[in-house]
Amino acid sequence: MHDLVLTGGHLLDPANDADGPAELAIRDGRISEVGRVTTGARRTVDVSGHYVLPGIIDSHTHLSRHFGSAEGHGMVAATGVVTALDMAGEIQDLARDLTGGGAGLNVAYLHPLVPGATLWSHDPSEDEIAGAVARALASGAVGIKLLGGHYPLTPKATAQAVATAAARRCYVAFHVGTTATGSDIRGLEEALHLAADLPIHIAHVNSYCRGQTTGDPVAEAQRALDLLAAHPCAVSESYLSVYNGTSARCQDGIPSSAVTKTCLRLGNFEQSEGGLEAAIRAGYARIHHQKDGEIVLAPPADGLETWRALGTDAGVSFPVNHIPSAILLATARRNGPFVIDGLSTDGGAIPRNFLVRHGLMLVQMSAWTLRDFVVKASLNPARMLGLPAKGHLGVGADADVTVVDLDAGRARWSVARGRVVLADGRVEGRGGTLLVSPAGEAAARSRGLAHEVIHREGWR
């Protein structure tokens, strides 16, 4: 007896060269049968007229207190995503949400290295960095996140963090920027130089192509593609949203995040608390506001009230992303494969979870095929993160599935580890599964978390 069978759909699985009508059966959290299913099931769902795809993976979200909140789980699940990488996560936040709420997602997280918080300063020693990496893995993180665009380290410390991560076979992602560069195309050039030939995940590439340096976002996007194509060990993702996401927190009258200051400069506002207030009043800076169980971009009056009530410690978004350059980055290929590996959102609790909606728009515009969408939103992210049982629908694979209505441009059903997360457009999932490295298994078990140990190649 199968646990679940999806019938009537068109199955598209590039990894297994499957593209046609097929039934899909699930048992014990795994794909148990593909094709014509003859055995009965405890639950059968008719998905006629829809496409059955490998579960969508968002390789850049924010679900923890660094830029995120608990509402992010449901916001992500509602879009059809079943696996999320929290890019600046905290075990205590995720443990609370995955046991006391959640939405049934698979979640992995990267621990942030932040001077003045998880590190003592902008220029930590080699031993301090090694200790921070070890603590991150032991806590349950699958790696570390360098938040250089917001809270930069020195170039030397940044290079040391990448080298330390490589030595520990620890995943490392980088929002580019150091004390010598910003979150722009020059920062990307520096980041790849500092990484040398070591593995690195370059976060949201489109964020470095806003015209800050040259005034020409498309030229900067082309430069980014050239840089990434030449780097042998870099993986990357980008998103398709006009709005970014950053922190509105101010200290001593100055925004704490370098990204926030840059956004104010781009909008011709003073890089100060007063300038940020003026930007909120003008509707240029949109404060993140909780409403009806999710986070939305507040109108000016509500945003100003929320920002003040939180003592400025709120999220904020600015309309600083250049869509033509973002589309160029998302669709560019070199000798066949995509240059930018994945499509992401940098969303979660940041209200821009448009991975499925905007990705399917590119399909509708014939900028991509639906197969391309699956490669960018499932197969490649699974390979980036070292998840061989995800990103495809072969027998024995994890039962992670997303069912999309191509005409409507949205997901209708999704399944994570054999459990329904999204049912005809409504979030049904609860709890979730934490993906951890072997070093983090004890931490997950001690917190009573449902978890899966990821054995990425070479992980110690």
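Bear in mind these aren't lab numbers, they're just calculated from the coordinates by the rules spelled out. This one's a predicted model, so the numbers in the text were calculated from it and none came from an experiment. Please note: Cβ atoms are built from the backbone with ideal geometry, for glycine as well, and neighbour counts cover all protein chains shown.
Compute the FRET efficiency between Ala423 and Asp28 as 1/(1 + (r/R0)^6), taking r as their Cβ-Cβ distance and R0 = 22 Å, and round to the nearest 0.05. Approximately 0.60, to the nearest 0.05. Derived scalar couplings between HN and Hα for region 55-67 equal x, 6, 10, 9, 8, 7, 10, 9, 10, 9, 5, 6, 6 Hz in order, rounded to whole Hz, by the Karplus curve 6.51 cos²θ - 1.76 cosθ + 1.60 (θ = phi - 60°), x for Gly and Pro. Between the alpha-carbon centres of region 83-115 and region 20-80 there is a gap of 19 Å. Each part gets one Cα centre, and for region 197-229 versus region 387-455 those centres are 31 Å apart. Applied to region 412-423, the Karplus parametrisation 6.51 cos²θ - 1.76 cosθ + 1.60 on θ = phi - 60° returns per-residue 3J(HN,Hα) values of 9, 9, 8, 9, 10, 6, x, 10, 5, 9, 10, 10 Hz, with x for Gly and Pro. May I ask you to list the aspartates and glutamates whose Cα is less than 18 Å away from that of Lys261, ignoring any residue fewer than eight positions away on the same chain? Qualifying aspartates and glutamates at Cα under 18 Å: Asp184, Asp252, Glu270, Glu273, Glu277, Asp313.
Skipping prolines and chain starts, which residues have an amide H placed within reach, meaning under 5 Å, of the one on Gly101, given they are 5 or more residues away or on another chain? Correct list: Gly431. Is region 228-286 rounded, prolate or oblate when judged by the Cα gyration tensor, a ≥ b ≥ c being the square roots of its eigenvalues, rounded requiring a/c under 1.5 and prolate requiring a/b larger than b/c? Judged from the Cα gyration tensor, region 228-286 comes out prolate (a/c at least 1.5, a/b above b/c).
Across all Cα pairs in region 14-86, the calculated P(r) in 10 Å bins from zero up to the longest distance comes to 15, 37, 29, 17, 2 percent per bin. Derived value for the chain: Kirkwood hydrodynamic radius 22.1 Å. Basis is the mean of 1/r over every pair of different alpha-carbon atoms. Calculated mean residue ellipticity at 222 nm for the chain: -8500 deg cm²/dmol, from DSSP H runs with n ≥ 4 weighted as -39500 (n - 2.57), summed, divided by the residue count and rounded to 500.
Which of Tyr171, Tyr109, Tyr151, Tyr243 has the fewest other C-beta atoms within 10 Å, and how do the rest follow up to the most? Fewest-to-most Cβ neighbours within 10 Å comes out as Tyr243, Tyr151, Tyr171, Tyr109. Look at the dipole of the chain built from charges on Cβ: of Ile350, Ala326, Tyr151, the Cα furthest out on the positive end belongs to Ile350.
Name the longest site-free stretch of the chain, where the excluded sites are GluC sites (Glu not before Pro) in a DSSP loop with no more than 14 other beta-carbon atoms within 10 Å.
1-269
How large is the direction-averaged shadow of the alpha-carbon convex hull of region 246-315, in nm²? Seen from a random direction, the Cα hull of region 246-315 projects 4.1 nm² on average. What you get for the chain, charging only the Cβ of Lys and Arg (+1) and of Asp and Glu (-1), is a dipole of about 400 debye around the Cα centre.
Relative to the longest principal Cα axis of the chain, at what angle does helix 217-230 sit, 0 to 90 degrees, rounded to 10? That works out to roughly 70 degrees. Listed by chain and number, the aspartates and glutamates placed with their C-alpha closer than 13 angstrom to that of Lys291 are Glu71, Asp302; residues fewer than eight positions away on the same chain are left out.
Between amide H atoms placed 1.01 Å from N, distances below 5 Å from Leu393 occur with Asn16, all of them 5 or more places distant or on a separate chain.
Annotation: amide H-H contacts under 5 Å for Tyr239 (H modelled 1.01 Å from N, sequence separation of 5 or more, or interchain): Val205, Asn206, Ser344. Applying the Karplus relation 6.51 cos²θ - 1.76 cosθ + 1.60 with θ = phi - 60° to region 328-342 yields 3J(HN,Hα) values of 4, 5, 5, 9, 5, 10, 9, 6, x, x, 5, 6, 8, 5, x Hz, where x marks Gly and Pro. Cross-link partners for Lys156 among the lysines, with Cα-Cα distance under 22 Å and sequence neighbours closer than 8 places in the same chain left out: Lys145. The distance separating the Cα centre of region 286-326 from that of region 117-181 comes to 28 Å.
From the P(r) of region 68-197, can you give the percent of Cα pairs sitting at distances over 23 Å? Across region 68-197, Cα pairs with separations above 23 Å total 35 percent. Assuming a ≥ b ≥ c are the square roots of the Cα gyration tensor eigenvalues, decide whether region 192-250 counts as rounded (a/c under 1.5), prolate (otherwise, with a/b larger than b/c) or oblate. Oblate, since a/c reaches 1.5 and b/c is not below a/b.
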